[in-house]
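Computed from the coordinates by the stated procedures, all read-outs in this text should not be read as laboratory data. Not measured: the values here are computed from a predicted model. All Cβ positions, even for glycine, are placed from backbone atoms using ideal geometry, and neighbour counts span all protein chains on display.
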Amino acid sequence: MTIDQATVRKIASLARIAISDAEAAAMEGELNGILGWVEQLGEVDVTGVEPMTAVIPNVLRLRDDVIDADPLTGGGRRDDVLANAPAAMHGFFGVPKVIE
Amino acid sequence: MTELTNLTVAQIRDGHRAGDFSAVEVAEAFSANVADAKALNAFIVETPEHALSAAKAADADRAAGTLKPLSGVPIGMKDLFCTHGVQTTAASHMLEGFVPRYESTVSQKLWDAGAGMLGKLNLDQFAMGSSNETSYFGNVISPWKRKDGGNAALAPGGSSGGSSTAIAARLCPAATGTDTGGSIRQPAAFTGISGIKPTYGRCSRWGIVAFASSLDQAGPMARDVRDCAIMLENMAGFDPKDATSLDMAVPNWEAALSSDLKGKTVGIPKEYRLEGIDPDIDAMWDAGIAMLKDAGATVVEISLPHTKYALPAYYIIAPAEASSNLARYDGVRYGLRDLPEGAGLQDMYASTRADGFGAEVKRRIMIGTYVLSAGFYDAYYTQAQKVRTLIARDFEQAFTSCEVILAPTAPSAAFGLGEKMADPLAMYLNDVFAVPASLAGLPAMSVPAALNREGLPLGLQIIGKAFDEQGVLDAGLAIEERAGFTARAEKWW
């Protein structure tokens, strides 16, 4: 299966990456090269094989149902959370105006 | 007195304990080497003050009789680990200027053990690459040169290329690395040092910038096997903040090190004998087999029938997870924001991500987005996850007849910078021997074994059963003792 430039632009849009026409043209070849190569997986007989979900058997834990069980990752750290925001204001993340 | 920067982690620890030198002297000696090695571009940020402050604490602890396991040892930290108050970039423009307000679990453990930080080490952008050529902060240059009279700059391997170069050039005695599909082992092999990727889940992923979460695993890189064991003991351990962290005690790997392999069986995977491979690689592999026999091991041929599908499966699974993980870079919460005049929210996302990600990162996000998109998910992603199950089964089957597996780490010695950048597939193929163990979550290490005809280091890889880092380290030690690898890059920087 090959993808064309329109598909490349669609993927870029889904991935939220702006690309120019020149980039889309270059990526068309690269992505087709890679996808053509991974397509060899289709020849593997996977009848009855479950897709892997966990590489090492492990039990999923539940943490204690308490507030701020871990002080580092609990609540009350607004200023730390906002410290690296490119546009924090009034204790919130700032975003450009959204008009639908 | 021996030059302090030639000492291993164990020698620094023991010499400091014995009072042969102060930790401050060690930190200053390494910081001087770091400052003198700008030409290698191994560090993105240098933190001599962090190393010095840990060294002063180590000297005080010695006086007080409260020494810790890594007191007096300065190390390098791959710039993929979040460090409190010190810029953490993943070598991307996206995170340039990002200063974490928290510390990754692995780095915190190392500081708690008394280690100091010499700086944040360069890497491939978001750990995506095999040559350290995708860093926004420039290529890392290997200290090694071919003995062909030329002066070609060589790749230090990737993604942990700053780590490998810094250790090989004696800028630090050990460093952290992370391995998603070979990013500890391949750079270790390229630069003549050792490195181990432990079992998936041994080291907490909390605070490590995520690439492909089902594969990402931290591990140490150092000059020898003992140092890897010491470092790993101080990096591993259960962390409730990582849902995939193993709730298991950390063994005393260093104390249990033994190169006596009597009664052990080593498997040689026949599918790793690639047609047309560099004869130096095959010769090194054969020499490695002889070394393990000499150490008392029995050697048997094994089969890992799905080996050839590991790399294509990896290049679906890793980009798929990356496309999901890297969705967080949106220009809102941290990192870069690119807001063109009059742009709305969606345009801001697209513009920020176009500006902040390098070409290889975009390529992988695009591949990942495509294979996860409606209509293609089963054909690509589900199929790859099924193949991954088969690859893990291959290893399970093989380990019924052996304890460890011996193979080359990489199909070639270090290549020149720029030689493979034009062809993404040629670059990907460099990880052909490293990726299968990653997909199966198994511990694997690279140890330097020989020089090729160009005078460049080659590494042997040992792959072990899940949780059997000891078996891997022991076989690595047996090779180390017999290979007698003492070559080092001549200083030109």
Handout entry: Cα-based convex hull volume of the stretch B:139-182 per residue, rounded to whole Å³
Key = 79
Completion exercise
As a percent rounded to 5, the proportion of antiparallel DSSP bridges among beta bridges in the protein assembly as shown is 70
Practice task
Would you please classify the overall shape of the stretch B:166-273 from the alpha carbon gyration tensor, given that a ≥ b ≥ c denote the square roots of the eigenvalues, rounded means a/c under 1.5, and beyond that prolate means a/b larger than b/c while oblate covers the rest?
Solution key: rounded
Exercise for the section: Using only Cα atoms, locate the centre of the stretch B:102-155 and the centre of the stretch B:1-32, then give the distance between them in Å, rounded to an integer. Expected result: 22
Completion exercise
quick note, chain B, DSSP beta bridge pairs, % antiparallel (nearest 5) is 70
Handout entry: HN-Hα J in Hz across the stretch B:451-459 - Karplus 6.51, -1.76, 1.60, θ = phi - 60°, x for Gly and Pro
Key = 9, 7, 5, 8, x, 9, x, 10, x
Exercise for the section: Can you find, among B:Thr191, B:Val26, B:Ala290, the residue farthest towards the positive end of the dipole of the protein assembly as shown? Put +1 on the C-beta of Lys and Arg, -1 on that of Asp and Glu. Expected result: B:Val26
Exercise for the section: Taking the Cβ of each residue in B:Lys38, B:Lys78, B:Lys420 as the centre, tally the other Cβ atoms inside 10 Å and list the residues starting with the fewest. Expected result: B:Lys38, B:Lys420, B:Lys78
Exercise for the section: Within the stretch B:265-362, list the GluC sites (Glu not before Pro) lying in a DSSP loop whose Cβ has at most 10 other Cβ atoms in a 10 Å radius. Expected result: B:Glu275, B:Glu341
Problem - Kirkwood Rh in Å, taken over chain B so that all alpha-carbon pairs contribute - result: 22.4
Fill in the blank from the handout: Classified through the alpha carbon gyration tensor (a ≥ b ≥ c as square roots of its eigenvalues; rounded if a/c is under 1.5, else prolate when a/b is larger than b/c, else oblate), the stretch A:17-100 comes out oblate
Fill in the blank from the handout: Taking alpha-carbon centroids only, the stretch B:414-441 lies from the stretch A:1-44 a number of Å equal to 20
Handout entry: Ranked list, fewest to most other Cβ atoms within 10 Å of each Cβ, for B:Arg337, B:Arg62
Key = B:Arg62, B:Arg337
Problem - Sparse-neighbour loop sites [trypsin sites (Lys or Arg not before Pro); the stretch B:435-491; at most 13 other C-beta within 10 Å; DSSP] - result: B:Arg453, B:Lys491
Problem - DSSP beta bridges in the stretch B:2-260 [antiparallel fraction, %, rounded to 5] - result: 70
Practice task
List every residue whose amide H lies under 5 Å from the amide H of B:Gly177, counting only residues 5 or more places away in sequence or on a different chain, with H placed 1.01 Å from N in the peptide plane.
Solution key: B:Gly219, B:Met221
Practice task
Please report, in debye to the nearest 20, how large the charge dipole of the stretch B:155-314 is about its Cα centre when each Lys and Arg carries +1 at its beta carbon and each Asp and Glu carries -1 there.
Solution key: 160
Exercise for the section: Would you tell me the mean number of C-beta atoms belonging to other protein chains that fall within 10 Å of each C-beta in B:309-315, as a whole number? Expected result: 4
Exercise for the section: Would you kindly derive the ³J(HN,Hα) couplings of the stretch A:83-92 from the backbone phi angles with the Karplus curve 6.51 cos²θ - 1.76 cosθ + 1.60 (θ = phi - 60°), listing them in order in whole Hz, with x for Gly and Pro? Expected result: 4, 9, 6, x, 8, 8, 8, 6, x, 10
Practice task
State to the nearest 20 debye the size of the charge dipole of chain B about its Cα centre, where the only charges are +1 on K and R beta carbons and -1 on D and E beta carbons.
Solution key: 280
Practice task
Give the Rg (one decimal place) followed by the Dmax (whole number) of the protein assembly as shown, computed from C-alpha coordinates and expressed in Å.
Solution key: 23.2, 73
Handout entry: Karplus-derived 3J(HN,Hα), 6.51/-1.76/1.60, for each residue of the stretch B:296-305, Hz, glycine and proline x
Key = x, 7, 8, 10, 10, 7, 10, 10, 10, x
Completion exercise
Given Cβ charges of +1 for Lys and Arg and -1 for Asp and Glu, the option among B:Gly15, B:Ser213, B:Ala113 whose Cα lies farthest towards the positive end of the dipole of the stretch B:2-260 is B:Ser213
Practice task
Determine the shape class of the stretch B:2-260: with a ≥ b ≥ c the square roots of the Cα gyration tensor eigenvalues, call it rounded for a/c under 1.5, and otherwise prolate if a/b is greater than b/c, oblate otherwise.
Solution key: rounded
Exercise for the section: Using Cα centres only, tell me the gap between the stretch B:200-229 and the stretch B:234-313 in whole Å. Expected result: 16
Exercise for the section: Just give me a number: lysine pairs in the stretch B:2-260, eight or more positions apart or cross-chain, with C-alpha atoms less than 18 Å apart. Expected result: 11
Completion exercise
Put in order of increasing Cβ neighbours within 10 Å, starting from the fewest, A:Ile67, B:Ile277, B:Ile367, B:Ile141 give A:Ile67, B:Ile277, B:Ile141, B:Ile367
Problem - Built amide H within the under 5 Å cut-off of B:Thr298, gap 5+ - result: B:Gly263, B:Lys264, B:Thr265, B:Val266
